[in-house]
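Student: Before we start, here is the structure in question, set down as structure tokens.
The values are calculated or read from the model by the stated rules, or taken from the named source; none is laboratory data. As the structure is a prediction and not an experimental result, all values here were calculated from the model. Positions of Cβ are generated from backbone atoms using ideal geometry, with glycine treated the same way; all protein chains shown enter the neighbour counts.
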Amino acid sequence: MSHPSILIIEDEPAIADTLLYALATEGFSPRWCSTAAEGLAALRAQPFALLVLDVGLPDANGFELCKQLRASGHDLPIVFLTSRASEIDRIVGLEIGGDDYLVKPFSPRELTARVKVILRRVAPAAAPGTVTVPAPAAEIVTNLVTISAPFTHDELRCRISYRGRPLDLTRIEYRLLATFLGQPGRVFTREQLLASAWDEPEASLDRTVDAHVKTLRAKLRAVAPDDIDPIVTHRGLGYSLRE
Ligand code: CA
């Protein structure tokens, strides 16, 4: 199937409409159900490549529904939509069996970016050709927020959270991290980072990329001391975000 089908279970029509539009624009074929019961029926009737699941549904809790789906053998990726940041811990703790989450309000672009990342990740496990993720146009890629699971990037507010905790970043640290998040796994040279995070790299007195990466790492480590460093150093080349 060239247009991966995405099921949205969300009771707020305004949010569902936005998601339907955003996903269809990106080449997916989305379907919307407003209740858990309706969603379950849809999942029984046809296969979906991914499920976008609201936590607060009128007839069920999204977490319970997810557990139920996992218990009955549904292994499709699930992205939770939640309106309470306090729920993140439960999701991130993987006790639920979800793959990712977004806290409302979020940008539709953020959702489609994450859906793509997840489908790319699961694609090799599927039968060849069953899931074809549409490639975004090159100019869109640079604007996308492509986020690996522990990070949440609120583009409008220029805020990034790590493991559910908002990071207190300087402007340059924020831009560096946003650059990494835009393309996880890509190795950026110091020159590329300088160009993307500094307003006037050639005029700036503070051109030490390494020093800012160091302070950024320290802030991430302060949140999760036991995590493997999410920023990878490539000797002689530059840095990347661990995928
Ligand atoms: Ca809801």
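Student: Is at least one residue of segment 14-32 touching a Phe, Trp or Tyr at 6+ places or on another chain (Cβ under 8 Å) and under 16 Å from ASP59 (Cβ atoms)?
Tutor: yes
Student: Find all pairs meeting these conditions: Cβ atoms under 6 angstrom apart; at least six residues apart or on different chains; first residue within segment 1-20 and in contact (Cβ under 8 Å) with a residue 60 or more places away in the chain; second residue surrounded by 14 or more Cβ atoms within 10 Å (Cβ to Cβ) and β-branched (Val, Ile, Thr).
Tutor: Short answer, once both residue conditions are applied: SER2/THR132; PRO4/VAL131; LEU19/ILE8.
Student: Yes or no: LEU241 more than 26 Å from LYS116 (Cα to Cα) and of a type outside the set (D, E, K, R)?
Tutor: no
Student: Could you run through segment 216-243 and say how many residues are under 21 Å from GLY164 (Cβ atoms), in contact (Cβ under 8 Å) with a residue 40 or more places away in the chain and not in a loop (DSSP other than H, G, I, E, B)?
Tutor: 6
Student: Given ASP226, ASP199, which one is surrounded by fewer than 16 Cβ atoms within 10 Å (Cβ to Cβ), within 26 Å of THR152 (Cβ to Cβ) and at pLDDT 85 or above?
Tutor: Every option except ASP226 fails the conditions.
Student: Within segment 23-52, can you find the residues that are crowded, with 19+ Cβ neighbours inside 10 Å and among the small types (Gly, Ala, Ser)?
Tutor: Within segment 23-52, ALA36, GLY39, ALA49 qualify.
Student: Okay, moving on. Could you pull out the residue among LYS219, LYS214 that is more than 24 Å from ALA113 (Cα to Cα), surrounded by 15 or more Cβ atoms within 10 Å (Cβ to Cβ) and either of a type in the set (A, V, I, L, M) or modelled with pLDDT of 90 or more (or both)?
Tutor: Being more than 24 Å from ALA113 (Cα to Cα), surrounded by 15 or more Cβ atoms within 10 Å (Cβ to Cβ) and either of a type in the set (A, V, I, L, M) or modelled with pLDDT of 90 or more (or both) holds for just one of LYS219, LYS214, which is LYS219.
Student: Of everything in segment 66-85, what is hydrophobic (A, V, I, L, M, F, W, C) and away from the ligand (no atom under 12 Å from the Cβ)? Give them in sequence order.
Tutor: Residues satisfying the conditions are CYS66, LEU69, ALA71, LEU76, ILE78, VAL79, ALA85.
Student: Just to be sure I understand, how many residues within segment 1-58 are part of a helix (DSSP H, G or I) and within 16 Å of the ligand (Cβ to nearest atom)?
Tutor: 12
Student: Suppose we filter segment 59-89 for residues that are under 22 Å from TYR162 (Cα atoms), of a type in the set (S, T, N, Q) and in a helix (DSSP H, G or I); how many remain?
Tutor: Count: 1.
Student: I'd like to verify a number: residues in segment 165-190 that are part of a helix (DSSP H, G or I) and among the hydroxyl-bearing types (Ser, Thr, Tyr), how many? Quick ask: steps written out before the conclusion?
Tutor: Pass one, segment 165-190, residues part of a helix (DSSP H, G or I): 171-182, 190.
Within this subset, residues satisfying the condition of being among the hydroxyl-bearing types (Ser, Thr, Tyr) are 174, 179.
Going through segment 165-190 one residue at a time, the tally reaches 2.
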